[in-house]
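Trainee: My structure is below; once you've seen it, I'll send some questions.
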């Protein structure tokens, strides 16, 4: 979740997106699902503990991809869901993996 948060900050800073914290949870769910992981419910996430590591992840990502050089790739990967996240449309995702 920390790396996803860092990339969301990167997208807001360099790629012209406006992903708010409440919509970040939707991104985290999608990212976790794609990686075979789960995400805590929004009420269970300690945002103050997530903030500093997320900004560190953003900084490391920004150093590795200066001046928005990763924007094209990130925007392409999020093209299907980004409009819903930016306009505030509701996405109900209940993603659970069963093994």
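The values are calculated or read from the model by the stated rules, or taken from the named source; none is laboratory data. Worth saying up front: this structure is predicted, and the values here are computed from it rather than measured. Note: ideal-geometry Cβ built from the backbone for every residue, glycine included; neighbour counts use all protein chains shown.
Trainee: Assess whether residue 85 counts as being modelled with pLDDT under 90, closer than 16 Å to residue 1 by Cβ, surrounded by 10 or more Cβ atoms within 10 Å (Cβ to Cβ) and over 11 Å from the mean Cα position of the chain (by Cα).
Mentor: no
Trainee: Return yes when residue 26 is at pLDDT 80 or above and surrounded by 10 or more Cβ atoms within 10 Å (Cβ to Cβ) and no when it is not.
Mentor: On the way: at pLDDT 80 or above: no; surrounded by 10 or more Cβ atoms within 10 Å (Cβ to Cβ): yes.
Criteria not met by residue 26.
Trainee: Name the residue, out of 53, 42, that is modelled with pLDDT of 70 or more and under 14 Å from the mean Cα position of the chain (by Cα).
Mentor: Every option except 53 fails the conditions.
Trainee: Checking residue 19 against (1) under 14 Å from the mean Cα position of the chain (by Cα); (2) assigned to a helix (DSSP H, G or I), which single condition isn't satisfied?
Mentor: (2)
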